[in-house]
Each structure stands twice: as C-alpha cells, then as structure tokens.
C-alpha cells in the first residue's frame, strides 16, 4: 500500500479540492482508496466517503493519543491500495504557536508519510520559491513528496513558478491547477456545504478527477510515495458484540449529519444496534428504542421542517420525560431545547426537552478543543471521567435551561478551566461540544449500559 498527506500553506489554499480530486482520480483508476482527515472536521470526510465509498476517519493529535491514531489508520487501511490523508489548516498549524501538537506535520511524522504541499499561487511568481523553501526547511524531519500549485492564472504562470523553484528547493514541482470556479466547493458559516446537501454526482466526481489528472503527474506522485505505509502500533483487537444488543436510535438527515465514525463503531462494538431515523421526515422515532443519539449539523437551516414535524418533536419529548437515555451534541442539543431563533429573529418550536431557547448569531460564538470532566454520574460516564472533543458554533443559549443541571466542567486545550456546560434533565444529556469517544472508550460503553438499564426498567413496567 502507498499513502500520502495533502497539506496546505494555509486554510483555503485548495487542499480539500486537491484531496477530493486525487481520491476521485485514483478511484477511477481502479484503486481502493482509504480516506482520512486530520482534525475534528465532519464535512470533508463526508465528501471523501462519497468519492471513495469507504468511511473517512478523523485523525487528531490533541483529541486522540498517538497509539489510537496509528491503530485507527491501520484499521482503515485494511484492503486499501492507497491512503490519502487530507490535512488541517496550514501544514505546521496546531493548537498553539510553540509546538507541533495537533498539526498536520505532527500526524505526517506519526504515520511516517510524505507530504504533498498545496500552494495558492495567486499573485505570486518568484516569491513562491522563498515560501516553499521555508516550509521545506522549517522541520528537517518531515518528508515531502512534492509541491503543486493551485489558482494558477495560466500555463505560463506555472512556467514562471517552475523556473523560480529550480535550484531553490529540493522537492519536485508536480504541476498545478488553473483557477476554475466550476469545481469550487460551496461554503457556509461552518465550512463547506455537507454531502447531504451538495451531493457530488458522478459527473462532478469525474470532473474533479479530470482536473487533477490534467494538473499534476499522478504517476510521478505515486512513485514518490513509500512502497508501504505500515505505521508502528498495535492493531485493534477484534470485538465481538454481546448478544441481545440495545436498540439505539440515531438521527441522521440533512439537519443532523455530524458523527465521528469511531463513535458509531464504538457504540456498535459495545452492544448497540444502530437504527437511523430522520427528525425532518419521519413521524416518530423507530419503535422499541432503548436510547437516542442526536448529533450536530445545521438545524437552523431546517428549522421550518423540524418545527412543522410536531409529531416527532412530541415523541422525542415524551421519551425524555419517560427517562429514556438521550444524548445530543451541538445542533442536536439545539433541537432538544424549546425554541430556536434564527438570525433574522424568527422563532421555531423545537422538541422542548430542555426549557430554554437558542438563537443564531451573526458571528462565531465558540471555536476550539475542549476537555470535559464529568462532575457527577451521567449516561456517558461516571463522576470524574474525562472526555475530549471540539466546539464550533454560531449560536448560543438565551439562558441556562431551568431545572437542568450542568455536569461538564470544561477546560480548553491550554488546560485552563473555562466554565460549566453539558446539561442533564431526567436522562437526557445535551451540550454544544462534539465528543470523540476514542478519547475515552468508557463513554460509549457507559451510554450502552444506560440504554440497557432503561430497557430493563421499561420491560419490567410494561
């Protein structure tokens, strides 16, 4: 197997387009491509999975341990011919300005993979050589497969850039992509538009593959990749789910589509049968559930249909009042509150499990890594349990939910205690933070155990 990391000089330089195009081109050649994304992003992995028809796994140097990342990489590369790892932000950007922690560079070194550097060449010629020379020499322990340019004005522009690199840098120039709005991915306030809304059809995928084939020498790139990509690390032990699994309803539709594959797999491995449903389209959750998981997404864009589905909202609220374990993150948490107010000020009724309102803001409210420490026993763990995750949203609570207890003591990536968050009422737990269960395997097991205990109660009282 061969593997490569696609990294950029900065956010917005085009590494997602290059990554998607390379995945599409390699898949079209008949290769089995294992996709990955560095960092906590949900949206890019969805597009990866559409193109490669394989789950795209997040690799993260802050939320997850080195060993976990290596094991996850190995597990996902089973039966693959090539792995493509899309980086995050700029190559050396991480959780602070002093270390490589959380950066694409750190992950490339952990995995032992070379980097294809993507450079936005707009309004740039000879200065590109100085820029690339700096990236090349900043960390001598990092390996580069080459550089490619994006946003070229013309083939002549690429010629100038090639001339500038001659004798100035060691990494080869593998080509460049002309500026073309037709292949740009649409964006909104949380990043790219999701796979559920902007579905890449076969024609669009083929166009991406064509552009990459025209832009860079893929054969040369493949020759520059290591013959094997077998990182050190212990392969995950096989897991046999227990008999008689609990039924866990998972909300999945265009409004709620932010889930780490690891979270769902750990729940399944812990003994949960995942049953997917849509709060937009379905009249009620699936029957005979023992718990519900509502991930993040864009409920504000679908507030009208969510509000109009009064039957679903009523059933969710009744399940919460009955003591069913319900876990919700960010957009899912907003749905469990009583009301959602969009930016123009229109209000929409939501499920009402938490008696409070959320409102959209014109600016970013919170962004960054978070470590959660539980202040008491909850449906996802015992008091004192620590779980890492990420927060990114443009909304806020208008007030703390009355009668609900805050059970998350939050610290940022610097370890400084910030505030209390994470609200629980009955057995419903909601928060703005997306938790990665790989950072604390007991969280998935605890959630499944909570569902099993509820099923026992429900059966006894039936």
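For first residues located in the stretch 86-103 and over 17 Å from residue 115 (Cβ atoms) and not assigned by TED's automatic domain parsing to the domain that holds residue 10, partners that are assigned to a loop (DSSP other than H, G, I, E, B) and at pLDDT below 95 and lie 6+ apart or on another chain with Cβ distances below 7 Å do not occur. Number of residues in the stretch 429-455 that are touching a residue at least 60 places away in the same chain (Cβ under 8 Å) and part of a loop (DSSP other than H, G, I, E, B): the value is 4.
Regarding residue 375, is this residue within 19 Å of residue 279 (Cβ to Cβ) and free of Cβ contacts under 8 Å to residues at least 60 places away in the same chain? For residue 375, the condition - within 19 Å of residue 279 (Cβ to Cβ) and free of Cβ contacts under 8 Å to residues at least 60 places away in the same chain - is not met.
Selection over the stretch 280-303 of residues that are surrounded by fewer than 17 Cβ atoms within 10 Å (Cβ to Cβ) and either in contact with a strand residue (DSSP E or B) (Cβ under 7 Å, 6 or more places away or on another chain) or free of Cβ contacts under 8 Å to residues at least 24 places away in the same chain (or both) gives a count of 4. Is it the case that residue 444 is within 19 Å of residue 328 (Cβ to Cβ) and surrounded by 24 or more Cβ atoms within 10 Å (Cβ to Cβ)? Answer is yes for this residue. Check residue 405 against each of (1) under 26 Å from the mean Cα position of the chain (by Cα); (2) surrounded by fewer than 23 Cβ atoms within 10 Å (Cβ to Cβ) and name the one condition it does not meet. Of (1) under 26 Å from the mean Cα position of the chain (by Cα); (2) surrounded by fewer than 23 Cβ atoms within 10 Å (Cβ to Cβ), only one is false for residue 405: (1). The strands (runs of 3 or more DSSP E) found wholly in the stretch 248-350 and carrying at least 3 residues that are assigned by TED's automatic domain parsing to the domain that holds residue 454 and within 20 Å of the chain's Cα centre (by Cα) occupy 256-258, 326-329.
The values are calculated or read from the model by the stated rules, or taken from the named source; none is laboratory data. Being a predicted model, the structure only gives us computed values, none of them experimental. Cβ sites come from the backbone with ideal geometry, for glycine too, and all protein chains shown count toward neighbours.
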